[in-house]
Amino acid sequence: MKRIAIIGGGIAGLSAGIYALKSGFACDIYEQHVFAGGQCTSWKRKGFHIDNCVHWLTGTNPETQMYQVWKELHVLGDEVEILQNPSFLHIESEHGSLDLWQDTQRMRRELLALSPQDAVAINDFVDQIEIYKGMDMPALKPLEQLSLKEWWQLLKKLRPIGKIHGKLSRISLQAYAQRFKHPLLQQMILAYMPHTYNISSWLFVLGTFCSGNGALPKGGSEGMISRMIQQFEALGGTIHTRKKATSFTYGKKCINSIVFSDGTTASADFYIAACDASVTFHQLLHKDINEKFFATRFIDKKLHPVYSSFNTYIAVDADTSFIADTTWITCSPYQAAGKSHASILLKNFVNEPEYAPEGKNIFQTLLVQYEDDFDFWSDLYQHHPEKYKQEKAHIAAQIIERLEQHYPSLKGKLSVVETVSPYSFHRFCGAYKGSYMSFILTPYAKKKSHKGHIKGIKNLYITGQWLQPPGGLPNAAVTGKFTIQRLCKAIKVPFNRISK
């Protein structure tokens with residue numbers, strides 16, 4: 001029996017591990033932390049449950065290929081409750097309020113009532129969402145392994161999207177927002193995603209949600225990871241925690257072993273790097289390994305930027321059922337990482353009562369941070385640790401003050417539970433520039449994927465969200481699957497031949 005060693009126990013590593021075991025390999029996962037999960041993570045703090053990842057999940061529609069992958073990984077299934085909110089985003093500003101409803105016709109009616117002068121732009125926007133509802137993320141097998149019939153079926157299904165996607169993928173959110181005259185509608189385009197994305201990315205998100213393919217599995221990150229771990233271990237896999245990989249030893253065009261920070265090693269027939277791509281290329285591999293796909297993306301910041309966020313978790317000693325699941329509000333300016341901000345993106349976990357002590361609730365706020373913001377946080381943490389703590393506390397205090405201004409009934413009932421900076425993502429997960437997504441899909445660069453095999457090293461594969469922009473949990477899961485499919489094809493063994 002051939003053995004696979006996987007570095008990293010996040011979604012991609014667990015996915016690759018599960019499919020490896022189902023394909024007849026022995027498999028070990030080596031995770032640097034005390035538990036698996038990677039950036040799909042949660043923890044306890046002050047009696048509250050902190051979910052630092054899952055806000056919605058692509059692949060909750062049973063008719064899609066992605067749902068089948070989640071089902072095979074035991075993330076979804078008949079026994080898993082799905083939370084489907086009626087609105088993806090509620091927006092409140094000085095210009096009024098609106099909702100981006102799952103019911104697209106209701107969305108259309110309310111937007112037209114809000115701004116009749118924007119009728120053409122509104123109808124185009126909702127019509128485009130309707131088209132993107134037909135998007136089914138390819139998850140059957142890697143594109144190069146599709147048969148002619150499968151290619152034809154895929155192209156036929158995606159043809160309506162293809163007619164508009166090429167044009168929309170070259171339009172920035174900022175440029176698209178200018179199609180609307182009403183300032184609230186402009187805010188609707190810019191509120192949720194970093195402004196450097198193209199508009200097709202936002203339409204994909206809304207199309208996914210409106211088609212019923214973007215909802216939330218109850219239990220969030222913890223539920224997803226625990227079910228994947230159970231599946232992996234039930235199939236015979238082993239997870240080794242507190243095993244931080246630092247380098248490889250090499251044979252002739254192959255890896256001989258993984259070297260860990262505690263001085264131990266591990267050997268296998270095949271190796272899969274499911275850790276952050278920057279860790280793989282900047283720490284584990286020889287410096288003379290030149291993989292152009294990643295080298296250009298790590299260097300060209302205009303074509304391939306990344307982003308992170310500053311997250312604040314806030315205890316609420318009050319009923320919050322009057323606040324939508326996800327709300328974007330404008331507020332008086334506040335300072336964070338040396339920049340001024342005038343809005344707050346708020347996640348209300350009221351649908352997860354187990355996340356807070358009885359009678360209480362927990363909020364999460366997310367503030368987008370870019371690469372220069374990461375550098376700010378990195379410098380503070382490494383050279384001014386006390387100022388790092390003070391800056392986090394200062395931002396959280398400003399956010400609470402503005403939430404109390406916006407929701408007067410919550411005044412005196414909010415307190416800080418936890419803060420997470422972009423450097424936290426880097427420190428705990430090795431995340432490149434603190435990013436929890438892959439490279440941003442800008443209007444300037446074509447979307448390209450990587451097949452996950454490193455030239456010149458026969459038995460090493462890479463997997464994870466960085467192979468398929470814009471990344472995220474579905475791409476992590478799919479690339480884990482694709483990695484094993486490619487390995488099986490390379491050594492001519494059947495894929496997914498053991499059912500359990």
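The values are calculated or read from the model by the stated rules, or taken from the named source; none is laboratory data. Keep in mind that this is a model prediction, so the values were computed, not measured. Note: ideal-geometry Cβ built from the backbone for every residue, glycine included; neighbour counts use all protein chains shown. For accessibility, only protein heavy atoms count, side chains too; no ligands or nucleic acids. Shrake-Rupley method; radii C 1.70, N 1.55, O 1.52, S 1.80 Å.
Within the stretch 159-173, none of the residues are surrounded by 21 or more Cβ atoms within 10 Å (Cβ to Cβ) and touching an Asp or Glu at 6+ places or on another chain (Cβ under 7 Å).
Could you list, in sequence order, the residues of the stretch 77-113 that are in contact with a strand residue (DSSP E or B) (Cβ under 6 Å, 6 or more places away or on another chain) and hydrophobic (A, V, I, L, M, F, W, C)? Of everything in the stretch 77-113, those that are in contact with a strand residue (DSSP E or B) (Cβ under 6 Å, 6 or more places away or on another chain) and hydrophobic (A, V, I, L, M, F, W, C) turn out to be VAL80, ILE82, LEU83, PHE88, LEU89, ILE91, LEU98, LEU100, TRP101, MET107.
Pick out the one residue from ILE457, ILE462 that is farther than 21 Å from PHE349 by Cα and touching a His at 6+ places or on another chain (Cβ under 8 Å). Don't jump to the end; show me each part of the working.
Numbers: ILE457 fails: touching a His at 6+ places or on another chain (Cβ under 8 Å).
When all the criteria are applied, what remains is ILE462.
Elements of the type helices (runs of 4 or more DSSP H) sitting completely within the stretch 327-442 and holding at least 1 residues that are polar (S, T, N, Q) and crowded, with 20+ Cβ neighbours inside 10 Å: these cover 422-429. Examine the stretch 64-80 for a residue that is modelled with pLDDT of 95 or more, in contact with a Pro (Cβ under 9 Å, 6 or more places away or on another chain), hydrophobic (A, V, I, L, M, F, W, C) and under 30 Å from ASP124 (Cβ atoms), and state whether such a residue exists. Looking for residues that are modelled with pLDDT of 95 or more, in contact with a Pro (Cβ under 9 Å, 6 or more places away or on another chain), hydrophobic (A, V, I, L, M, F, W, C) and under 30 Å from ASP124 (Cβ atoms), one finds at least one in the stretch 64-80, hence yes. Restricting GLY464, GLY471 to residues that are crowded, with 21+ Cβ neighbours inside 10 Å, under 25 Å from the mean Cα position of the chain (by Cα) and at pLDDT 95 or above narrows the list to GLY464. Here GLN186 passes the criteria (1) more than 24 Å from GLN117 (Cβ to Cβ); (2) part of a helix (DSSP H, G or I); (3) free of Cβ contacts under 8 Å to residues at least 24 places away in the same chain except the one numbered (1).
Taking the stretch 248-277, which residues are among the polar types (S, T, N, Q) and closer than 17 Å to LYS458 by Cα? If the condition is that a residue be among the polar types (S, T, N, Q) and closer than 17 Å to LYS458 by Cα, then THR249, ASN256, SER257, SER267 are the ones that fit.
Being at positive phi and open to solvent by 20 Å² or more (accessible area, probe 1.4 Å) holds for only one residue in HIS74, HIS33, and it is HIS74.
Checking each residue in the stretch 264-319 for being of a type in the set (A, V, I, L, M, F, W, C) and part of a loop (DSSP other than H, G, I, E, B) picks out ALA268, ALA274, CYS275, LEU285, ILE289, LEU303, VAL306, ALA318. Within the stretch 236-281, track down each residue that is touching a residue at least 12 places away in the same chain (Cβ under 8 Å), open to solvent by 40 Å² or more (accessible area, probe 1.4 Å) and not polar (S, T, N, Q). Correct list: GLY236, HIS240, ARG242, LYS243, LYS244, TYR250, LYS253, ASP262, ASP269.
Among the residues of the stretch 444-499, those identified as within 21 Å of ARG297 (Cα to Cα), assigned to a loop (DSSP other than H, G, I, E, B) and small (Gly, Ala, Ser) are ALA445, SER449, GLY452, GLY456, GLY464, GLY471, GLY472.
Scanning the stretch 130-158 for residues that are among the basic types (Lys, Arg) and within 24 Å of LEU473 (Cα to Cα), we see that the one that is surrounded by the fewest Cβ atoms within 10 Å (Cβ to Cβ) is LYS157. Every condition in (1) within 20 Å of the chain's Cα centre (by Cα); (2) not in a strand (DSSP E or B) is met by GLY24 except one, and the failing one is (1). Residues in the stretch 211-222 that are more than 11 Å from MET135 (Cβ to Cβ) and either of a type outside the set (Asp, Glu) or part of a strand (DSSP E or B) (or both): GLY212, ALA215, LEU216, PRO217, LYS218, GLY219, GLY220, SER221. Which one of these is crowded, with 18+ Cβ neighbours inside 10 Å and at pLDDT 95 or above: ASP103, ASP99, ASP124? Exactly one residue qualifies, and that residue is ASP99. Scanning the stretch 64-83 for residues that are assigned to a loop (DSSP other than H, G, I, E, B) and touching a residue at least 12 places away in the same chain (Cβ under 8 Å) yields a count of 7.
Here ASN290 fulfils each of the conditions (1) over 24 Å from the mean Cα position of the chain (by Cα); (2) closer than 23 Å to ILE82 by Cα; (3) open to solvent by 30 Å² or more (accessible area, probe 1.4 Å) apart from (2).
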